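The values are calculated or read from the model by the stated rules, or taken from the named source; none is laboratory data. Quantities reported herein were computed from a predicted structural model and do not represent experimental measurements. All Cβ positions, glycine included, derive from the backbone under ideal geometry; neighbour counts span all protein chains shown. Side chains included, ligands, DNA and RNA excluded: accessible areas come from the protein's heavy atoms. Shrake-Rupley method; radii C 1.70, N 1.55, O 1.52, S 1.80 Å.
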Amino acid sequence: MPVLPADTLDTDVHIPALIIGAGACGQVAALTLHDAGQPVLLIERDPVPQGSTALSSGMIPACGTQLQAEKGVIDPVGQMRGDLIAKAKGESDPAIVERVCEVSGPTIDWLTGEKGIPLELVDSFTYPGHSVHRMHAPPSRTGAELMGALTNRCATEGIDILTDAFVTDLFATAESAITGVRIARPDGGVEEIGCDALILACNGFGGNIDMVRQYIPEIAEAIYCGHVGNQGDAIRWGETLGAAAADLGSFQGHGSVAHQHNILISWALMMEGGFQVNRDGRRFSNEHGGYSEQGKIVASQPDALAWDIYDTRCHELGLEFEDYRDAVEAGAVIQADTIEGLARELGLPKDALEATAGGVAGFAQGLGQDSFGRDFTKSPPLAAPYFGIKVCGALFHTQGGLVIDTAARVLREDGSRLPNLFAGGGAARGLSGKADYGYLSGNGLLAAVMLGRIAGQSAAALLNP
Ligand SMILES: Cc1cc2nc3c(=O)[nH]c(=O)nc-3n(C[C@H](O)[C@H](O)[C@H](O)COP(=O)(O)OP(=O)(O)OC[C@H]3O[C@@H](n4cnc5c(N)ncnc54)[C@H](O)[C@@H]3O)c2cc1C
C-alpha cells in the first residue's frame, strides 16, 4: 500500500475530511464530523458498507448510559476501566482505556437519542469479565441491524459514502501530512481526492493470511469469521509514514462457531450453565475464562473440534440471537431427551459424556470443585431435554494496530503526532493488550464506536480550530 509524494496528487476534488472504511468506526466518525459542520466523505471498498461490524452481534459496551440508569444499573467509569485493565492483565494503554470508557456513556446516549440508533441494554446475562450489565445492542442482536441503522442515518443527514471505492494509495508530504488518496474502481478507473485530514477506519489484518501468519501464527489455521476486506492497509500505510504500531499479536478469537455452518453461537450459553467437551466427551477448560482465548483452546483439541452441551433454559436464551436462530434453522442444534441420546446424536462416547454431565450437575449443586476452576453454582443444574452443537475455534478480528493518543491521533515511535492522521476501530492499537486473553467481550465495537467518535471530534477540531 504505497504512500506517494504529495506533489504527485493530481485532482481538483478536495474534501476537508476523508474517512477510509464505512464500518461502525467510519460511520460514527462521519456523523461526528457532520455534527461539527465539517464536509466529510466516507470511502468504502464494498458495494454496500458492511465490514466486520455487520458480521458482529452488535454488542457495544458502555458505562453510565441512560439505558443503564433506566434499569438501575450503576456503572461508574472507574468500574468499567477496571474491568478492561484486569482482563488485559494491565498490558493495554491505560490512558486510551480511560478515555474510551469516559466517552462510552455519552456516545451511546448520543447514538440512541440524537441519532435514533436502536440500541437496548442487554440484561438477560452478563458477559465474562463485566461487573454489570453494560452491553448495548440492537433488538436483533446483530451487527447487520447496527450497520443498517448507521448507514440510514448517514443517508438521512446527507453524508456521502463513496462505495466500490478501494483506496490503494495515500499522498503525503515529507513530514507525513496526508494530502489525499487514490482510489481504484471495479471498472479499472482510478480517481484521486484531496483532503486536510484523514481517518483510517479500515480495520485490522484478519483477512490477510500472510500478516496473520506473521504476527499471530497460533490462530492462522483456524477459520476467519471477519470481513475479508480487512487486509491490514492501515498498518502498512502507517509503517511507510513512520507511524508506530503495537500489540500486533493481539486478536479476538472465539471458541464457539458452529462447525461447517460458520455461525457464531453466543457465549451466553456457556455463561448460563452450558459446558464444552471434546471428541472424548470430556471438558478441557474453564469456559468462563473468556470466549476469545477459548478460540485457540478449541482449535488445539483433537480434530480441532468441541461440542457445546446445554439445556432448554440456555437454548431459550440463545433464541434471543438471530445467529442462534439461524443455527437452529440450519440444523446445527441437536436436541435429545437424555444425555445418552445426545451422545448418540452427536457421535460422542456415551459413558464419558454422562460422566462429564454428572460431574457438572454435581458442581452446580455445590458438590466438589471443578478442576478447571469454574464456579458452576451461579446457574441451576442443567435439566432435560438437552442440546448440543459441534463447534470450532475461530479468529474474529485482530486487535493490534497503529499507536494513537487519547485524541485518536496517530503517533510515531518517538511519541510525536503525525500532522493530520487519525485512526480508530481495528485500524488502531486495541484495548486488549498483547494477546487473545486480553479481549474483554465487546472490545471490538468499543474501540470502533468510541474511537470513531473521538477521531471525528479531533479531526473536526483540527479543521476548525
Ligand atoms: C462474527 C463476529 C462477531 C463479533 N461480535 C462482536 C460484538 O458483538 N461486539 C464487539 O464489540 N465486537 C464484535 N466483533 C468485532 C467487531 O465486529 C469489530 O471489532 C468491529 O466491527 C470493527 O469495526 P471497524 O469499523 O473498525 O471495522 P469494519 O466494520 O470491518 O469496517 C472496516 C471497513 O473498511 C473497509 N476497507 C478496508 N480497507 C479498505 C480500503 N483500502 N479502501 C476502502 N475501504 C476499505 C472494509 O471494506 C470495511 O467495510 C465481532 C466480530 C465478528 C467477526
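For Asp46, the stated conditions hold: it is acidic (Asp, Glu) and either within 15 Å of the ligand (Cβ to nearest atom) or over 28 Å from Pro139 (Cα atoms) (or both).
Condition check ((1) part of a helix (DSSP H, G or I); (2) within 30 Å of Gly433 (Cβ to Cβ); (3) touching a residue at least 12 places away in the same chain (Cβ under 8 Å)) across all residues:
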| site | (1), (2), (3) |
| --- | --- |
| Thr11 | no, no, yes |
| Gln27 | yes, yes, yes |
| His34 | yes, no, yes |
| Val48 | no, no, yes |
| Gly64 | no, yes, yes |
| Asp75 | no, yes, yes |
| Lys89 | no, yes, yes |
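What number of residues within the stretch 395-406 are of a type in the set (Val, Ile, Thr) and open to solvent by less than 20 Å² (accessible area, probe 1.4 Å)? Selection size over the stretch 395-406: 2.
Summed over the stretch 50-62, the residues that are under 11 Å from Ala144 (Cα atoms) and in a loop (DSSP other than H, G, I, E, B) give a count of 4. Where helices (runs of 4 or more DSSP H) fall entirely within the stretch 295-357, those with at least 1 residues that are within 16 Å of the ligand (Cβ to nearest atom) and of a type outside the set (Ser, Thr, Tyr) are at 312-318, 322-329. Quick check on the stretch 356-368. Is at least one of its residues without any contact (Cβ under 8 Å) to a residue 60 or more places away in the chain and hydroxyl-bearing (Ser, Thr, Tyr)? Taking every residue of the stretch 356-368 in turn, none turns out to be without any contact (Cβ under 8 Å) to a residue 60 or more places away in the chain and hydroxyl-bearing (Ser, Thr, Tyr). Scanning the stretch 407-447 for residues that are open to solvent by 10 Å² or more (accessible area, probe 1.4 Å), in a strand (DSSP E or B) and touching a residue at least 24 places away in the same chain (Cβ under 8 Å) yields a total of 5.
Taken together, the residues in the stretch 205-243 that are within 25 Å of Ser416 (Cα to Cα), assigned to a loop (DSSP other than H, G, I, E, B) and open to solvent by less than 10 Å² (accessible area, probe 1.4 Å) amount to 2.
Just the residues that are within 11 Å of the ligand (Cβ to nearest atom) and either within 15 Å of Trp307 (Cβ to Cβ) or open to solvent by 20 Å² or more (accessible area, probe 1.4 Å) (or both), please, taken from the stretch 247-266.
Ser256, Val257, Asn262, Ile263, Leu264, Ile265
For every residue, the table says whether it meets (1) closer than 19 Å to Glu221 by Cβ; (2) buried (at least 20 other Cβ atoms within 10 Å of the Cβ); (3) assigned by TED's automatic domain parsing to the domain that holds Tyr224.
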residue: Ala268; (1), (2), (3): no, yes, no
residue: Val277; (1), (2), (3): no, yes, no
residue: Lys296; (1), (2), (3): yes, yes, no
residue: Arg325; (1), (2), (3): no, no, no
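Of the residues in the stretch 128-135, at least one is open to solvent by less than 50 Å² (accessible area, probe 1.4 Å), within 14 Å of the ligand (Cβ to nearest atom), modelled with pLDDT under 95 and part of a loop (DSSP other than H, G, I, E, B).
Looking at the stretch 159-204, the strands (runs of 3 or more DSSP E) lying wholly inside it that each contain 2 or more residues that are open to solvent by 10 Å² or more (accessible area, probe 1.4 Å) sit at 160-162, 166-172, 178-184, 190-194.
Of the residues that sit in the stretch 27-43 and are over 29 Å from Gly188 (Cβ atoms), open to solvent by 10 Å² or more (accessible area, probe 1.4 Å) and touching a strand residue (DSSP E or B) at 6+ places or on another chain (Cβ under 7 Å), which one is nearest to the ligand (Cβ to nearest atom)? So, considering only residues that are over 29 Å from Gly188 (Cβ atoms), open to solvent by 10 Å² or more (accessible area, probe 1.4 Å) and touching a strand residue (DSSP E or B) at 6+ places or on another chain (Cβ under 7 Å), the one nearest to the ligand (Cβ to nearest atom) is His34. What's the total number of residues in the stretch 334-389 that are under 20 Å from Ser285 (Cβ atoms), among the polar types (S, T, N, Q) and exposed (fewer than 14 other Cβ atoms within 10 Å of the Cβ)? Residues meeting the conditions: 3.
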